[in-house]
Amino acid sequence: PRSLFFYIALFLVVTLFGTTAYAVRLLKTSATVSKLHVKAWRWFYFVSSVLLFPSVIQWIMFPLECFVYSDVEGSMSVSADGECLPWASPQKIASIISLLLVALHILFTLAATLLLFEIHPLSRNPWAQSTGRVELIWAAFKVAVVMCSYLNVHVTSVVLSGFLLVLTTALAYMHFLLLPFNDQIANVMRGASFALLWWLSLSSVIAACYPASDAQKAAEESSMSGRETRQLILLGVSPVFFLAGLATVLRKQSKMLRYLHLLRGDKTAPGNTANPPRPGSDTVLSNTGGYAVRKTSKRRLSLADDGARSVGSFATARSEVPKTSQEKFFDVDSEISRAFKSGVKARTFARRLLYQRDIDDVSYLSAVVNRALRENPSSSDLLVFQLQLLSFIIGDTKTADSEIARLQSQGLDLDHTFLLY
């Protein structure tokens, strides 16, 4: 019976909330949380918030399903004569519990998804991620799919499909921008999956834009209609987008490494057919992907100078007076010669260099981060990544602790504040 799944979901969610509340209570009293408790919490979270997340939401909504579906078999809110009465006694108790648990479970899962990322940058876990922002959109997409299944009776399919397409577009864009997994193979496979998901969402929008008329519905009963032909064609193109997602991530990974090698002036850079900068020359920036070769001004340090400096040069990175909008507009040379246009992209480049797992690249990694901080001094992504380098790779915990204390007084994003905590 369907009511059995309602009680199973109820048990999973209530147990998850209970183990979470108990762990928070132990942390407030400075007590140690046992490994058994942590493993139990992870299991309940994985089952109810990851593996069966959409299903758990649907199971908990069972007392209210008669609002949407008139033929719900065995519903506890349907009377003997087939009338939907979720707010009658005693059914209203189950309906109120259902609404509260669904709302709390969705909010809890979204918050936990955003905050459950890997703090240690050297983690070898294949599913370790540097941020939970991509997974947050992925969880929101799952919630949207479930809610659309309830709203499809009252809202047109074009609107619902368009909304899902917006979410999948944001999901694919954020993944290709951040490449959040420490393991590069996981980034490639997720990128391919999200590209395929985007195409399926677009296909549903295209299919929804061609509703079947009465004549077409009659023709469908005797032979294959044009609508079915379009659906088969759209599904047949799906493998192309899966492969396109694979190629996009692989190409970006290769392009990042090539750019970092060229920025350093490495003659062994993969695909580097141009003449790299000679040691001691003024040219420090080159790229086959469209970046112009520029000469450094005397006031700007080279990457070699950055590597020789202290890794924890936070004060230097933020000591420059911010430029006005007028100064930024007319400072064309500085804008073109910037190595990293944003802190988010700079962090992605630095992480790609880190996961080459070459100990000789640590000093160059420090130079890249320092250069990016000078060009993007207010980027919280870079500041937090610098703290991770200091704490787990460089081992300069004294500087890291002082910077953590200072950054905690600033208004950082929720996930970055949690990382500092």
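The values are calculated or read from the model by the stated rules, or taken from the named source; none is laboratory data. Since we're looking at a predicted model, the values are computed, not measured. Glycine also receives a Cβ, built like all others from the backbone with ideal geometry; neighbour counts cover every protein chain displayed. Keep in mind that these areas ignore ligands, DNA and RNA; they rest on the heavy atoms of the full protein, side chains included. Shrake-Rupley method; radii C 1.70, N 1.55, O 1.52, S 1.80 Å.
Would you call ASP360 under 22 Å from the mean Cα position of the chain (by Cα), of a type outside the set (Ser, Thr, Tyr) and at pLDDT 85 or above? Quick ask: steps written out before the conclusion?
On the way: under 22 Å from the mean Cα position of the chain (by Cα): no; of a type outside the set (Ser, Thr, Tyr): yes; at pLDDT 85 or above: yes.
In short, no.
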**Prompt:** within 30 Å of CYS66 (Cα to Cα), open to solvent by less than 50 Å² (accessible area, probe 1.4 Å) and more than 15 Å from the chain's Cα centre (by Cα), is that true of LEU151?
**Reply:** no
**Asked** Which numbered condition trips up HIS120, out of (1) in contact with a strand residue (DSSP E or B) (Cβ under 8 Å, 6 or more places away or on another chain); (2) open to solvent by 60 Å² or more (accessible area, probe 1.4 Å)?
**Response** (1)
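A quick yes/no check of all residues on (1) in contact with a Lys or Arg (Cβ under 8 Å, 6 or more places away or on another chain); (2) open to solvent by less than 20 Å² (accessible area, probe 1.4 Å); (3) aromatic (Phe, Trp, Tyr); (4) within 23 Å of ASN125 (Cβ to Cβ):
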residue: PHE349; (1), (2), (3), (4): no, no, yes, yes
residue: LEU354; (1), (2), (3), (4): no, no, no, yes
residue: SER363; (1), (2), (3), (4): no, no, no, no
residue: SER378; (1), (2), (3), (4): yes, no, no, no
residue: LEU389; (1), (2), (3), (4): no, yes, no, yes
**Asked** Which one of these does VAL166 not meet: (1) of a type in the set (Val, Ile, Thr); (2) in a helix (DSSP H, G or I); (3) modelled with pLDDT under 95?
**Response** (3)
**Request:** Assess whether GLY162 counts as being touching a residue at least 60 places away in the same chain (Cβ under 8 Å), surrounded by 14 or more Cβ atoms within 10 Å (Cβ to Cβ) and at negative phi.
**Result:** no
**Message:** Whether any residue in the stretch 34-55 is at pLDDT 80 or above, part of a loop (DSSP other than H, G, I, E, B) and more than 19 Å from LEU4 (Cβ to Cβ) is what I want to check.
**Reply:** yes
**Any hit, the stretch 177-192, residues being open to solvent by less than 30 Å² (accessible area, probe 1.4 Å), assigned to a helix (DSSP H, G or I) and of a type in the set (Phe, Trp, Tyr)** = no
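Tell me, yes or no, whether the stretch 114-133 has at least one residue that is in contact (Cβ under 8 Å) with a residue 12 or more places away in the chain, among the acidic types (Asp, Glu) and in contact with a Pro (Cβ under 8 Å, 6 or more places away or on another chain).
No, because not a single residue in the stretch 114-133 is in contact (Cβ under 8 Å) with a residue 12 or more places away in the chain, among the acidic types (Asp, Glu) and in contact with a Pro (Cβ under 8 Å, 6 or more places away or on another chain).
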**Complete:** Of the residues in the stretch 5-17, those that are open to solvent by less than 40 Å² (accessible area, probe 1.4 Å) and within 30 Å of the chain's Cα centre (by Cα) come to ALA9, LEU12, VAL13, THR15, LEU16
**Message:** Which of the numbered conditions does PHE141 fail, given that it passes all the others? Conditions: (1) within 24 Å of VAL384 (Cα to Cα); (2) open to solvent by less than 30 Å² (accessible area, probe 1.4 Å).
**Reply:** (1)
